[in-house]
1. Is at least one residue of segment B:22-34 crowded, with 16+ Cβ neighbours inside 10 Å, touching a helix residue (DSSP H, G or I) at 6+ places or on another chain (Cβ under 6 Å) and modelled with pLDDT under 95?
2. Tell me the residue from A:Leu87, A:Leu109, A:Leu101 that is closer than 16 Å to A:Trp35 by Cβ, within 11 Å of chain B (Cβ to nearest Cβ) and at pLDDT 95 or above, please.
3. Any residue at all in segment A:35-42 that's free of Cβ contacts under 8 Å to residues at least 24 places away in the same chain and over 12 Å from the mean Cα position of the chain (by Cα)?
4. Quick one: A:Phe21 ticks every box in (1) more than 11 Å from A:Thr85 (Cβ to Cβ); (2) at pLDDT below 95 bar one, so which box is it?
5. Please work out if B:Phe90 is within 28 Å of A:Gln31 (Cβ to Cβ), at the interface with chain A (Cβ under 9 Å from one of its Cβ atoms), of a type outside the set (D, E, K, R) and in contact with a Pro (Cβ under 7 Å, 6 or more places away or on another chain).
6. I'm trying to understand the selection: among the residues of segment B:1-21, which are aliphatic (A, V, I, L, M) and either exposed (fewer than 14 other Cβ atoms within 10 Å of the Cβ) or over 20 Å from A:Cys40 (Cα atoms) (or both)?
7. Looking only at segment B:27-48, which residues are among the hydroxyl-bearing types (Ser, Thr, Tyr) and facing chain A (nearest Cβ under 7 Å)?
8. Kindly evaluate B:Glu95 against the criterion of being among the acidic types (Asp, Glu) and farther than 28 Å from A:Phe33 by Cα.
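The values are calculated or read from the model by the stated rules, or taken from the named source; none is laboratory data. Since this is a predicted model, take the numbers as computed values, not measurements. Here Cβ is always computed from backbone atoms with ideal geometry, including for glycine, and neighbour counts include all displayed protein chains.
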Amino acid sequence: RKEVEQDPGPFNVPEGATVAFNCTYSNSASQSFFWYRQDCRKEPKLLMSVYSSGNEDGRFTAQLNRASQYISLLIRDSKLSDSATYLCVVIPPLTGTASKLTFGTGTRLQVTL
Amino acid sequence: DAGITQSPRHKVTETGTPVTLRCHQTENHRYMYWYRQDPGHGLRLIHYSYGVKDTDKGEVSDGYSVSRSKTEDFLLTLESATSSQTSVYFCAISESDFQYTGELFFGEGSRLTVL
């Protein structure tokens, strides 16, 4: 089993729709989680952190489910500009340093008119 | 946007030739990283640096070396390029250890093709 797994998509949704992605992780002791956004042929950029209590930023909501070992990203009222690949990032326990953080392969979202 | 510049942005080279990618930052951040991104693999860490002349290996370091003689510059060298090193290479920086900030700032990437 991969350390971090994401459905590659693409998720094709109409403007205004609500869409959710999950990201599963294998190490139950992982301690920190993040979502990054990567536009086509561009660099990844931090979208938001994922806290145990959940995290909301405008139309975006990130949640952590430790029991089932996954994090989720919910996008409400999708915009064309949300079209991108969304990468989940997991930091394992023990070292907890950047040298060990793991990126998922990403889920591609395409928002259409 | 964070001041990170990668050069060259695109390069085509032949198997067996040496290649050096440069990452230059103007943020004075302590930590610098080199990643490669390939379809189906996501971003994988090649090497990272936690200070001038302080570097360590990442997940996929074989065939790569790095050097950091100044805070602002982090060089990635492929001593003898192979076709398996065809990839998009991203440099990243962080002010402190990633676990505390949760944020890496990435450069725009360098697309390398090894024929």
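1. Within segment B:22-34, not a single residue is crowded, with 16+ Cβ neighbours inside 10 Å, touching a helix residue (DSSP H, G or I) at 6+ places or on another chain (Cβ under 6 Å) and modelled with pLDDT under 95.
2. Values: A:Leu109 fails: within 11 Å of chain B (Cβ to nearest Cβ); A:Leu101 fails: at pLDDT 95 or above.
Exactly one residue qualifies, and that residue is A:Leu87.
3. Narrowing segment A:35-42 to residues free of Cβ contacts under 8 Å to residues at least 24 places away in the same chain: A:41-42.
Of the ones still in play, those that are also over 12 Å from the mean Cα position of the chain (by Cα) are A:41-42.
Yes, segment A:35-42 has at least one match.
4. (1)
5. Details: within 28 Å of A:Gln31 (Cβ to Cβ): yes; at the interface with chain A (Cβ under 9 Å from one of its Cβ atoms): yes; of a type outside the set (D, E, K, R): yes; in contact with a Pro (Cβ under 7 Å, 6 or more places away or on another chain): no.
Answer is no for this residue.
6. Keep residues of segment B:1-21 that are aliphatic (A, V, I, L, M), which gives B:2, B:4, B:12, B:19, B:21.
Selection gives B:Val12, B:Val19, B:Leu21.
7. Applying the first criterion (among the hydroxyl-bearing types (Ser, Thr, Tyr)) to segment B:27-48 yields B:31, B:33, B:35, B:48.
Hits for segment B:27-48 are B:Tyr31, B:Tyr33, B:Tyr48.
8. Working: among the acidic types (Asp, Glu): yes; farther than 28 Å from A:Phe33 by Cα: no.
Criteria not met by B:Glu95.
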